[in-house]
Amino acid sequence: MPGALAWYRRVAAAGVCLLVGGLGSVMAMVWGGWMWALAWAVAVGAAFVVSCFVAGAFQRSWGFVEAQSELYLTYGVLLRQLVVVPYGRMQVVDMTADLLEQALGIATVRIRTAASTADTKVLGLPLEQAVQLRGRLAARSESFSTGL
């Protein structure tokens, strides 16, 4: 489903904004009056609108390429990052999908490496593509094993 990662981020943001907005508005109403509660609700609403726009940019920023001996990942909206993971350093490759990801038909492939700071993930893949990527990466990590 195109845009599923963006929808995942939007639904998650909606849940957080509803919780923070509702509780904050009640607290503001009790301690400061209806004007403070209204101001809080408007601020949370504005944060939700911004997060909806950023969700699309976040999805477009993600990409990966399987090279001959490494996996290249790039992501980031304000700060672009390039992560290079050698297949021989991969220790665990697994696939996860929480309830919302399952409902949207997407999954996350997590890659754990010998260096704990290099652990990374590929987000928002369609379920079948995630299963195939996990299998390919697991096979390549075994064939490129560095003997650790």
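The values are calculated or read from the model by the stated rules, or taken from the named source; none is laboratory data. Predicted model, so just to flag it, every value in this text is computed and none were measured. Note that each Cβ is placed from the backbone with ideal geometry, even for glycine, and that neighbours are counted across all protein chains shown. Heavy atoms of the whole protein, side chains included, go into the accessibility calculation; ligands, DNA and RNA do not. Shrake-Rupley method; radii C 1.70, N 1.55, O 1.52, S 1.80 Å.
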#### Entry: Protein-only accessible surface order, largest first, of W7, W40, W31, W62 at 1.4 Å
W31, W7, W40, W62
### Task
Using only alpha carbon pairs under 8 Å that are at least six residues apart, calculate the relative contact order of the stretch 1-138 and give it in whole percent.
19 percent
### List V54, V30, ordered by accessible area with a 1.4 Å probe, largest first
V30, V54
### Summary
Dividing the helical contributions, -39500 (n - 2.57) per DSSP H run of n ≥ 4, by the residues of the chain yields a 222 nm value, nearest 500 deg cm²/dmol, of -18500 deg cm²/dmol
### Message
Using only alpha-carbon positions, what ratio does the radius of gyration of the chain give when scaled by 2.2 N^0.38 Å?
### Response
1.34
### Message
How high is the relative contact order of the stretch 63-134? Use alpha-carbon pairs under 8 Å, at least six apart in sequence, and give a whole percent.
### Response
23 percent
### Task
Kindly report the accessible area of the stretch 85-143 per residue (heavy atoms of protein chains, probe 1.4 Å, no ligands, DNA or RNA), in Å².
51 Å²
#### Entry: For the chain, with +1 on Lys and Arg beta carbons and -1 on Asp and Glu, the positive-most of M95, A43, V131 along the dipole
A43
### Message
With a 1.4 Å probe and all protein chains left in place, how much of the accessible area of the stretch 39-148 comes from carbon and sulfur atoms, in whole percent?
### Response
61 percent
